[in-house]
Amino acid sequence: MDKYEEIKSHLEARCPELELRVEEPMSRHTSFRIGGPVPIMALPQTSEEAVAALEAARTLGVPYFVMGKGSNLLVSDDGLPVFVIKCCMSTVELLGKTTLYVGSGASLAQIAVFALEQGLGGMEFAHGIPGTLGGAVFMNAGAYDGEMAQIVTCVDCISQRGRVERLSGEQLEFSYRSSVFSREPRLILGATLELTPRDPEIIRQTMMDLAERRRSKQPLEYPSAGSTFKRPAGQFAGTLIEGCGLKGCCRGGAQVSEKHAGFVVNTGGATCEDVLCVMRRVRDTVQRDTGVLLEPEVRLLGCGL
Ligand SMILES: Cc1cc2nc3c(=O)[nH]c(=O)nc-3n(C[C@H](O)[C@H](O)[C@H](O)COP(=O)(O)OP(=O)(O)OC[C@H]3O[C@@H](n4cnc5c(N)ncnc54)[C@H](O)[C@@H]3O)c2cc1C
């Protein structure tokens with residue numbers, strides 16, 4: 001029995017409700033629609049299932065990777081030799097008047113709509129970001145002057161040593177597209193969000209305006225992982241890329257979007273290698289022509305630039 005069969009039978013015996021998939025293509029779980037298979041994937045719906053999955057990986061010494069909706073991932077065409085835990089714990093509850101407790105697998109859109117229904121503002125910026133709470137906390141996701149750091153007050157997680165912990169305030173170490181979790185991986189179970197009472201009509205209108213801004217500027221008609229590169233200090237990656245004449249630059253099904261140069265899109269059948277090839281060309285040309293070294297915002301798994 002190999003280690004992946006072992007983890008499967010271990011979890012089937014101890015946690016019969018936990019959904020497990022074998023030889024699961026990651027292309028089904030990434031917004032890029034790219035990525036080869038993983039030997040085993042668990043899809044916990046509750047914190048108890050997530051704890052059991054992580055505990056099994058630790059006990060049996062099996063390498064693991066924790067993900068949300070895969071909207072910021074580029075995965076190798078050969079797949080990954082790891083146990084993937086895809087967090088699907090999607091409860092959203094109101095605690096008191098302005099506080100939400102949210103499972104890490106809840107989508108940002110679902111949380112924003114719940115907040116709107118309660119007349120609570122603060123989540124409008126995140127409504128159009130296609131990830132989960134866990135991925136957004138990990139990345140300190142942000143848009144239109146908002147970022148998760150403004151609303152997350154504490155996070156429940158499991159440390160690599162298997163301890164359930166609650167981190168808050170400065171312990172979260174939020175900075176631009178980064179948090180303590182990007183430096184020291186832990187499995188995020190859920191988080192507490194502090195919101196502000198606001199007229200639901202104003203919240204709805206703000207969400208609609210931001211959605212329209214996204215639709216008009218971003219290539220939402222193609223699979224992608226959002227902004228490919230981080231924003232360099234004081235500049236915009238998309239503007240630099242466009243200025244270097246790279247709009248439309250392509251290899252196979254991967255292309256620097258004609259609509260927004262900050263996005264590499266999958267126009268059909270792109271492989272991970274196609275995307276990497278376009279990313280290398282963009283990084284090297286921008287560095288040569290402007291002196292700015294672009295850093296990937298997309299997380300590269302099983303592959304590198
Ligand atoms: C069309 C489009 C538009 C986008 N617009 C924006 C935008 O405006 N602003 C922005 O910031 N991002 C944007 N993104 C990128 C992406 O949606 C965000 O980074 C999002 O927060 C990722 O969430 P996810 O659940 O998909 O995480 P994943 O892609 O699954 O994972 C991202 C990282 O988070 C970690 N992670 C995920 N869940 C957990 C968990 N429960 N515990 C521990 N670690 C975890 C993973 O290990 C991984 O390292 C966009 C993407 C697309 C496709």
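What follows draws every value from the coordinates through simple rules; no lab data is involved. Fair warning: this is a prediction, and the values are worked out from it, not measured in the lab. Quick reminder, even Gly has a Cβ in these numbers, built from the backbone with ideal geometry, and neighbours come from all protein chains shown.
Summing Lys and Arg as +1 and Asp and Glu as -1 over all other residues whose Cβ lies under 12 Å from the Cβ of residue 100 gives a net charge of -2. Within the stretch 3-86, DSSP assigns beta bridges of which about 45% are antiparallel (rounded to the nearest 5).
In plain terms, the residue of 286, 264 with the fewest other Cβ atoms within 10 Å comes first and the most crowded comes last, giving 286, 264.
Using θ = phi - 60° in the Karplus curve 6.51 cos²θ - 1.76 cosθ + 1.60, the 3J(HN,Hα) couplings for the stretch 80-92 round to 9, x, 9, 8, 9, 10, 9, 6, 10, 7, 10, 6, 9 Hz; x is entered for Gly and Pro. Between the stretch 242-293 and the stretch 153-192, the alpha-carbon centres lie 33 Å apart. The 3J(HN,Hα) values that the Karplus relation (6.51, -1.76, 1.60; θ = phi - 60°) gives for the stretch 265-282 are, in residue order, 10, 9, 7, x, x, 5, 9, 4, 4, 4, 5, 4, 4, 5, 4, 5, 5, 5 Hz. Gly and Pro appear as x.
Near residue 285: Cβ cut-off under 13 Å, other residues only, Lys/Arg at +1 and Asp/Glu at -1. The net charge is +2.
Mind ranking 291-299, 37-45 by how tightly packed they are, going by the mean number of other C-beta atoms within 10 angstrom, highest first?
Final packing ranking: 37-45, 291-299.
Across the stretch 116-122, coupling constants 3J(HN,Hα) worked out from phi with the 6.51/-1.76/1.60 Karplus curve, θ = phi - 60°, read 4, 4, 8, x, 10, x, x Hz, and Gly and Pro carry x. Restricting attention to the chain, lysine pairs at least eight places apart or on different chains and with alpha-carbon atoms under 20 angstrom apart total 10.
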